[in-house]
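Working notes, structure below.
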Amino acid sequence: MTEGSRKKILIVIFTINKIKLMQAKTFLCLSGILVSFYAAGCNNNVSASTETAETVINVDTTKFPPVETRNANADYSPAFKGQTRIAGVKTTTAYKVDKIAEKIGRPWAVIPMPDGKLLITEKKGFMLIHNADGTFAKKITGFPEVDAGGQGGLLDVALDPDFSKNKMIYWSFSEKYGKGNLMAVAKGRLNEDASKVENPVVIFRATPALSSSLHFGSRLIFDKDGNLFVGTGERSVSEGRPQAQLLNSGLGKIFKITKEGKAAPGNPFLKDANAMPEIYAYGIRNAQSLDIHPVTGELWEAEFGPRGGDELNIIKAGKNYGWPVITYGLEYSGQKIGAAIQQKAGMEQPIYYWDPVLSPSGMVFYKGNTIPEWKNNLFICGLNSIHIARLVIVNNKVVGEEKLLEDKKERFRDVAYNNGMLYTVTDDGNLYRISKKL
Ligand SMILES: [Ca+2]
């Protein structure tokens, strides 16, 4: 962001605070004009003008240095200013962090249910329901066997958009298959007392199977049309890595499938006879973070880089996200990867990257207004980095970064939003609630 555009933002904030006193109808009319004014003065392309003015209220991106102060692993330069090590921000609204459950094993995912309870997956192959206050409610069994070990197990879960009526749930897991294993997606119906999943059936497999306990991805998220986005990895073995670039392989991809596991209508490679029709985007290393932006409706993804080069991407149909051809990271040995290039025509740039790494696991947009400065901010769990990254985003660019919950010194595995609060689960088996201090 340029200095000039920052000033314009501040003018917009000031004006909006003043006009909050006006009648709602007048406010709506004026804010449209103000947003247009801001958009016109900004160097960035504005794809979602309604996002802009609201997002930056109370966020001052001029006070603090970048939160990352360590040396980078690679000596690569970003493709554009602000692609890494953005200015630091600090939340000014008072909030509290409560540990509301502990000793819940190895949780991998947490999502809210329509009644406010939390559905938590457990890597070993079952799920738990906890009440909103953290107390244990149910253990759900009946899932097909998982190939546990390493990064494998029962991984993500998503509720059917019509869950209240049909009680269908979808989950991803590592499955023994052929001579190896792979990431599979299954669905089943939660029974009446929510203790068992009925009629589980695998609807999709990210073939081919390889022998590896790593890089299964995965995340699941429904789009507004009721199709399911699925992110997976390239299995972190030499045989799998180059397949991230191959459209006839299910490794290192983002898929879009129907509730039956078929290619979603409109998928970008439906007419390519050599491509898996379920592929939505490719060139992915290991996607463990997906969410849909609450204003733009676009799919956002975070993925693990190797040593350095963790990425935040906006996933668009048919696009190539570059792995392993372009990357801001190095091999774990310190060697350069491939031709050691970071940009290439026809390959998408991450909108943000980390070196040293964040190790991004689950992520979620803060979709409410309870903590106003967090509205539409992105919260990403860090594993090795033992914090939750808060990213302030304006016009699809990261403009501020904050480290949250550093004092817990835990590996954050997944984070969910519900009713103005965030819930996060850790590898130590703790469930935390982050809420506004009243
Ligand atoms: Ca990439």
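Note that the chain carries a Kirkwood radius of 22.2 Å, evaluated over its alpha carbons pair by pair. Amide H contacts under 5 Å for Phe204: Val185, restricted to partners 5 or more places along the chain or on a different chain, H placed in the peptide plane at 1.01 Å from N.
Restricting the calculation to Cα atoms, region 305-389 shows an Rg/Rh of 1.04 when the hydrodynamic-style radius is the Kirkwood one. Quick one: pull the percentage of alpha-carbon pairs in region 262-343 with a separation above 19 Å. Cα-Cα pairs of region 262-343 separated by over 19 Å account for 46 percent.
3J(HN,Hα) couplings calculated from phi for region 144-153 with the Karplus curve 6.51 cos²θ - 1.76 cosθ + 1.60 (θ = phi - 60°) are, in sequence order, x, 4, 9, 8, 6, x, x, 8, x, x Hz; Gly and Pro show x. Each 10 Å bin from zero up to the one holding the largest Cα-Cα distance in region 388-438 carries the following percent of pairs: 21, 47, 29, 3. Put simply, the amide H of Asn418, placed in the peptide plane, has neighbours under 5 Å in Tyr423, leaving out anything fewer than 5 places away on its chain.
Derived scalar couplings between HN and Hα for region 256-270 equal 10, 10, 7, 5, 9, x, 8, 4, 5, x, x, 4, x, 10, 4 Hz in order, rounded to whole Hz, by the Karplus curve 6.51 cos²θ - 1.76 cosθ + 1.60 (θ = phi - 60°), x for Gly and Pro.
Highest mobility in the GNM of the chain, judged by mean-square fluctuation with C-alpha springs under 10 Å and restricted to Gly368, Gly329, Gly153, is found for Gly368. Once backbone amide H atoms are built at 1.01 Å from N, Ala101 has Leu431 as its partners under 5 Å, excluding neighbours fewer than 5 places away on the same chain. Restriction of the GluC sites (Glu not before Pro) in region 56-143 to DSSP coil positions whose beta-carbon has at most 16 other beta-carbons within 10 angstrom yields Glu102. Across region 290-298, coupling constants 3J(HN,Hα) worked out from phi with the 6.51/-1.76/1.60 Karplus curve, θ = phi - 60°, read 9, 7, 9, 4, x, 9, 7, x, 7 Hz, and Gly and Pro carry x. Its alpha carbons give region 109-219 an Rg and a Dmax of 13.9, 44 Å. Here is the size of region 207-256 from its Cα atoms: Rg then Dmax, 11.6, 37 Å. For region 255-411, the share of alpha carbon pairs falling in successive 10 Å distance bins from zero is 11, 35, 34, 17, 2, 0 percent. Here the alpha carbons of region 68-144 define both size measures, Rg and Dmax, at 19.6, 50 Å. Ordered by the number of other Cβ atoms lying within 10 Å of each residue's own Cβ, fewest first, Asp310, Asp193, Asp225 fall into the sequence Asp193, Asp225, Asp310. For region 144-225, the residue among Pro144, Asn191, Val157 whose Cα projects farthest onto the positive side of the dipole built from Cβ charges is Pro144.
Coordinate-derived values only; no laboratory data. Remember, it's a predicted structure, so these values are computed and weren't measured experimentally. As a convention, Cβ positions derive from the backbone with ideal geometry for all residues, glycine included, and neighbour counts pool all protein chains shown.
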